[in-house]
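Undergrad: Quick one: the structure is below, and I'll ask about it shortly.
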Amino acid sequence: LDRFFAAAKFQLRAAVSSSGRLDGSIWQYNLEWVRDQALIALALAMCGEDALARTMFARLLSEFVSDEGATMDSSRFRPWEESEFDQNGVLLFALGSYLDWTGDRDLVEENWKKIELAADFPLRPEFRHGPSGLLSNRREFWERHGAHGILPGMELAHQLYVAMGLRAAGRMAGLLGRPNKAAAWTGAAAALREAMLK
């Protein structure tokens, strides 16, 4: 385990620039994904690289979350129907875990507006499949979309990660004295989890 930990610690640190940039693929896309970046930032925090993890999270929140709350994938924003809103969930879950590991409330406070946008985005009415309560869009987890013949539907990964992210966002809101958001996001996470499992 020590060997694996050491490999992760040094290789992750070597792959991320001091500005928080990271090529998101072994295929040399030279592009970035919020999902990948957020989990790598969390791994860096777990390895004791708090400063670089903070830089990555600050960059993701300021540059990779739109004013509507959509997240970037492959270094671009998509039409709302093709948003990878599982990334919103991954970002919120990773940020909540980062807060647990580091106690860095300042990062969350400084970026609260973007956190709110990222949490609220998947809950927009246009993403809701009324009969089931599940989230629906035209993008599946392996990134195929309308051009590949994907029709609007429900993707399990989107439900799972958004539920996880909303739960983390609700917990962060509670810690920072925002009870209304805490209740709304925690309730939405529980409802989505229930719809997903049943």
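The values are calculated or read from the model by the stated rules, or taken from the named source; none is laboratory data. What you see is a predicted model; the values in this text were computed from it and never measured. Note that we place each Cβ from the backbone using ideal geometry, even for glycine, and neighbour counts take in every protein chain shown. Surface accessibility is based on the protein's heavy atoms, side chains included, excluding ligands, DNA and RNA. Shrake-Rupley method; radii C 1.70, N 1.55, O 1.52, S 1.80 Å.
Undergrad: For the chain, give the percent of accessible area contributed by carbon and sulfur heavy atoms, probe 1.4 Å, rounded to a whole number.
TA: It is 57 percent, rounded to a whole number.
Undergrad: Compute the Cα gyration tensor for the chain, then decide on rounded, prolate or oblate, letting a ≥ b ≥ c be the square roots of its eigenvalues: rounded whenever a/c is under 1.5, prolate when a/b is larger than b/c in the other cases, and oblate in all that remain.
TA: The shape class here is oblate.
Undergrad: To check my understanding: the extent here is largest minus smallest coordinate of the Cα atoms along each principal axis. What are those three numbers for the range 9-94, in Å, largest first?
TA: 38, 26, 19
Undergrad: Taking the alpha-carbon distance from residue 181 and a cut-off under 13 Å, which aspartates and glutamates remain once sequence neighbours fewer than 8 residues away in the same chain are dropped?
TA: 116, 120
Undergrad: Apply 1/(1 + (r/R0)^6) to the Cβ-Cβ distance of residue 198 and residue 10, taking R0 = 41 Å, and write down the FRET efficiency to the nearest 0.05.
TA: The formula returns an efficiency of 0.40 here.
Undergrad: With angles folded into 0 to 90 degrees, how steeply does helix 179-197 sit against the dominant principal axis of the chain? Use alpha carbons for both and round to 10.
TA: 70
Undergrad: Per DSSP helix of 4 or more residues, -39500 (n - 2.57); summed, then divided by the residues of the chain. What does that give at 222 nm, rounded to the nearest 500?
TA: Helix contribution divided over all residues of the chain: -18000 deg cm²/dmol.
Undergrad: Hey, what's the Cα Rg ratio for the range 68-132 versus the globular rule of thumb, 2.2 N^0.38 Å?
TA: This ratio for the range 68-132 stands at 1.23.
Undergrad: Still on this structure, I have one more. Considering the zone a paramagnetic label at residue 176 would reach in this model (a point 7 Å from Cα along the Cα-to-Cβ line), which residues of the range 58-83 have amide N under 13 Å from it?
TA: Of the residues in the range 58-83, 58, 61-62 have backbone N under 13 Å from the label point off residue 176.
Undergrad: Along each of its three principal axes, how wide is the spread of alpha-carbon positions in the range 1-47, in whole angstrom units, largest first?
TA: Between the extreme Cα coordinates on each principal axis of the range 1-47 lie 31, 19, 19 Å.
Undergrad: What aspartates and glutamates does residue 114 reach when the alpha-carbon gap must be under 13 Å and sequence neighbours fewer than 8 apart in one chain are set aside?
TA: Qualifying aspartates and glutamates at Cα under 13 Å: 63, 67, 68.
Undergrad: Roughly how much of residue 161 is accessible, in Å² to the nearest 10, using a 1.4 Å probe?
TA: The accessible area comes out at roughly 70 Å².
Undergrad: For the range 37-116 and the range 139-164, what is the centre-to-centre distance using only Cα atoms, to the nearest Å?
TA: Using only Cα atoms, the two centres lie 20 Å from each other.
Undergrad: Sticking with this one: Taking all pairs of distinct Cα atoms, average 1/r, flip it, and tell me the Kirkwood hydrodynamic radius of the range 126-198 in Å to one decimal place.
TA: 13.0
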